[in-house]
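Novice: Below you'll find the structure I mean.
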Amino acid sequence: MKQINFSPQEYSRYNRHIIIPDFGLAAQEKLSASKVLVVGAGGLGSPVLLYLAAAGIGTIGILDCDVVEDSNLQRQVIFDINAVGKSKADEAMRRLRALNPYINIKVHDIKLTSENALEVLADYDVVADGTDNFPTRYLVNDACVILSKVNVYASIYQFEGQVSVFNYLNGDGSRGPNYRDLFPIPPDPSTVQNCSEAGVLGVLPGIIGSMQALEVIKVIAEVGDVLSGKFYTFNALSFESMTYNIKKNMTNDSILKGGLIDYEQFCGVSAIEKKIKEITPIELVNWQKQGLDVQLVDVREFSEYEFVNIGGELIPLSTLLDNREKISSDARVVVLCKMGGRSKSAIRLLEERYSMNNLYSLEGGIIGYIREMELDLPIY
């Protein structure tokens, strides 16, 4: 570890850490000498970035290629109203610099891919994965295994959260379980929704993200028992938590030998998207102008439909099979949701159950429709 010489101002700032008997100056020096990459500056990334910056992590990398939307502000507390429409990575950097001027911050305003992952992750000691999709989770995991990096993982869904530490370096030089030991095979992508589709209680990312930041700090400072070989779950409604033991079910050799792969294909995303027909908002409008027989089916929930809709017939995804008779077998049926995830799940279900071939998913969902048609309607 490189020599750390704190200024009087830094010593004062980190004093509450330094005076803890089981933490002390040595642990704080380890934090200041460390480099942490946070993948995703969203719901989980917000508290992780804020607490790691406040704790004095020497170099923090922010990886996110998205822009801030108004709907993010319900849970992504690192941003404010003035950040809407701007780069998440840049705005997060601005906030962290205002919080702690004594640390270094690197921005990676890019999409993480199998082509660039090893190069990006190589410069960091620990990776904190706060992503919300399976291809990136597997990509981050495999890159960490190949590069011998610790992967501090967390995820959230509606009222539930999960935390674990993967690929941890044990005292005997071996590595702890990684994400593939827990989930060797990705779930069917048509059965999985992210936060924008399924929703999430706004305070939950703060709770789980703080736990994720805690594990990062423990790993670097070498204090306490980290969640290696353990999988922690938390239910915000019942306030119940469980910790499950994880065993290594596979060696790392298969990842090391195989290298990084096409994770979209591995998780089945590409196959699903190719199978389901899509239509753009402009194409839909043209069909309607031409007088073609088009049925518009909205598979969102009632509250979403009440907030904003474009006149489609409301049949929530959860009630789809019970309302099969409402869906035409002859007309061109355009299925829509918020962003396109649930509509594809609905079409997959109808095609597999009833062999329907007249179904189209509205590309980008209602949000894409409002933006492309430049409508004066609210976006949530």
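Novice: Between region 145-182 and region 28-47, how far is it from one alpha carbon centroid to the other, in angstrom?
Specialist: Taking the Cα centre of region 28-47 as reference, the centre of region 145-182 is 15 Å away.
Novice: Could you compute the FRET efficiency for Glu119 and Phe159, with r as their C-beta to C-beta distance and R0 at 30 Å, rounded to 0.05?
Specialist: 0.20
Novice: I'd like the chymotrypsin sites (Phe, Trp or Tyr not before Pro) in region 125-168 restricted to DSSP loop residues with at most 11 other Cβ atoms within 10 Å, sorted by number.
Specialist: none
Novice: Mind checking which aspartates and glutamates have their Cα closer than 12 Å to the Cα of Lys30? Skip sequence neighbours fewer than 8 apart in that chain.
Specialist: Asp125, Glu222
Novice: How high is the FRET efficiency between Ser12 and Glu222 when r is their beta carbon distance and R₀ equals 22 Å, given to the nearest 0.05?
Specialist: E(calc), rounded to 0.05, equals 0.35.
Novice: Let me ask something additional. Could you give the longest part of the chain that holds none of the GluC sites (Glu not before Pro) found in DSSP loops with at most 10 neighbouring Cβ atoms within 10 Å?
Specialist: So the longest stretch without any such site is 223-373.
Novice: Continuing with this model, one more query. With a cut-off of at most 16 other beta carbons within 10 Å, and DSSP calling the residue loop, which trypsin sites (Lys or Arg not before Pro) in region 1-48 qualify? Please list them.
Specialist: Listed in order of number, the matching sites are Lys2.
Novice: Now, a different point. Return the distance in nm (one decimal) between the two label points of a simple spin-label model at Phe239 and Ala98, each offset 7 Å from Cα along Cα→Cβ.
Specialist: Placing both labels 7 Å beyond Cα along the Cβ direction yields 3.3 nm.
Novice: Taking 0.36 nm per residue of sequence separation and subtracting the Cα-Cα distance, how much length would be gained by fully extending the chain between Lys326 and Lys86, in nm to one decimal?
Specialist: Between Lys326 and Lys86, full extension yields an extra 82.2 nm.
Novice: Okay, moving on. Identify all lysines with a Cα-Cα distance to Lys277 below 19 Å; exclude those on the same chain that are fewer than 8 residues away in sequence.
Specialist: Lys338, Lys344
Novice: What does the extension gain come out to for Ser303 and Ala54, with contour length at 0.36 nm per residue minus their alpha carbon separation?
Specialist: Working: separation 249, 0.36 × 249 = 89.64 nm, distance 3.83 nm.
Going from the current span to full extension adds 85.8 nm.
Novice: For the chain, calculate the relative contact order in percent as a whole number, restricting contacts to Cα pairs under 8 Å that are 6 or more residues apart.
Specialist: 13 percent
Novice: For the chain, what is the calculated [θ] at 222 nm in deg cm²/dmol (nearest 500), taking -39500 (n - 2.57) for each run of four or more DSSP H residues and dividing by its residue count?
Specialist: For the chain, the value works out to -10000 deg cm²/dmol.
Novice: Right, here's the next one. Taking the Cβ of each residue in Asp142, Asp123, Asp109 as the centre, tally the other Cβ atoms inside 10 Å and list the residues starting with the fewest.
Specialist: Asp123, Asp109, Asp142
Novice: Please give the contour-minus-distance gain from Met356 to Asn5: 0.36 nm per residue of separation, less the Cα-Cα distance, rounded to one decimal in nm. Present the calculation step by step, with values, prior to reporting the outcome.
Specialist: Numbers: separation 351, 0.36 × 351 = 126.36 nm, distance 6.85 nm.
The Met356-Asn5 span can extend by a further 119.5 nm.
Novice: Let me ask something else. How far is helix 24-33 tilted, in degrees, relative to the longest principal axis of the Cα atoms in the chain, given as a value from 0 to 90 rounded to the nearest 10?
Specialist: Helix 24-33 and the main axis of the chain meet at about 50 degrees.
Novice: Separate question: For region 48-82, list residues with backbone N below 20 Å from a point placed 7 Å from the Cα of Ile379 toward its Cβ?
Specialist: What the label zone holds, given the 20 Å backbone N cut-off, is 64-82.
Novice: Taking 2.2 N^0.38 Å as the expected size of a compact globular protein, what ratio does the Cα radius of gyration of region 276-372 give against it, to two decimals?
Specialist: Values: Rg = 12.1 Å, N = 97, 2.2 N^0.38 = 12.5 Å.
The value comes to 0.97.
Novice: Report, in cubic angstrom per residue, the convex hull volume of the C-alpha atoms of the chain. Don't skip to the end; give the middle numbers.
Specialist: Values: hull volume 58.2 nm³, N = 380.
Enclosed volume per residue, from the Cα hull, is 153 Å³.
Each reported figure results from applying straightforward, stated rules to the coordinates on display, with no laboratory input. Because the structure is a prediction, the values reported are computed rather than measured. Virtual Cβ from ideal backbone geometry, glycine too; neighbours counted across all protein chains shown.
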